[in-house]
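Beneath this line is the structure, given in structure tokens, with notes to follow.
The values are calculated or read from the model by the stated rules, or taken from the named source; none is laboratory data. Since we're looking at a predicted model, the values are computed, not measured. So basically every Cβ, Gly included, is an ideal-geometry build from the backbone, and we count neighbours across all protein chains shown.
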Amino acid sequence: MDYKISIEELENTPSKSLDFHFEDKIEGLNCVTPVISDLEIKSLGEFIEVSGNVKGCVKLECDLCLNEFEHKFDFDIDEMFAKKALLDDYGQELELKEGQFVTDLDGADEIDIYDLLYQSVILNLPNKKVCGINCNGNKFLKEENLSDPRLDVFKNIKIDGK
């Protein structure tokens, strides 16, 4: 299926807006369920706004114990796209809402919704991926007796004055 929105098609609608429903797994994400998103795409003159909600579930690897776990997500997106080159035409006169970014389409004739959703999900994953509140990490990784025999040479080093 084609997940690209034609800017020309958007501009030719009477309301200058389109509703877009996305329900599919996204390559590059370990999706447990399809990513579901209902988006509204609006033309605002020289800008295009894409807003809506994104839901789904992906498998992540816990940073502490290295086990896989499922992470559900449900967040809103509000992205702006500039039809022309930003720096040439707008300078620093553009006002953005907090947390909002503007993507420069630089004359492109379509917006790739698949790529937008992929990037949005990646950016909304937790920085520290932990499988649960009670995760103490992998027992093997914490064992006191675990040592590398190649490092035994450092056990007997004496530092001057200590």
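Of the residues in the range 28-62, how many are assigned to a strand (DSSP E or B) and either touching a residue at least 60 places away in the same chain (Cβ under 8 Å) or of a type in the set (A, V, I, L, M, F, W, C) (or both)?
16
Go through the range 1-27 and give me each residue that's charged (D, E, K, R) and either assigned to a loop (DSSP other than H, G, I, E, B) or in contact with a His (Cβ under 8 Å, 6 or more places away or on another chain) (or both).
2, 16, 25, 27
List the residue pairs whose Cβ atoms are under 7 Å apart, where the first residue sits in the range 1-15 and is over 21 Å from residue 84 (Cβ atoms), the second is assigned to a helix (DSSP H, G or I) and not hydrophobic (A, V, I, L, M, F, W, C), and the two are 6 or more positions apart or on different chains.
Taking only residues 6 or more apart or on different chains, the pairs are 3/114.
Considering only residues of the range 104-122 that are closer than 11 Å to residue 81 by Cα and touching a Leu at 6+ places or on another chain (Cβ under 8 Å), which is surrounded by the fewest Cβ atoms within 10 Å (Cβ to Cβ)?
Among them, the one singled out is 104.
From the list 26, 5, 48, pick out the single residue that is closer than 21 Å to residue 127 by Cα and within 21 Å of the chain's Cα centre (by Cα).
26
Counting only residues that are of a type in the set (A, V, I, L, M), touching an Asp or Glu at 6+ places or on another chain (Cβ under 9 Å) and exposed (fewer than 15 other Cβ atoms within 10 Å of the Cβ), how many does the range 37-50 have?
0
May I ask you to verify whether residue 78 is within 30 Å of residue 41 (Cα to Cα), modelled with pLDDT of 80 or more and of a type in the set (D, E, K, R)?
yes
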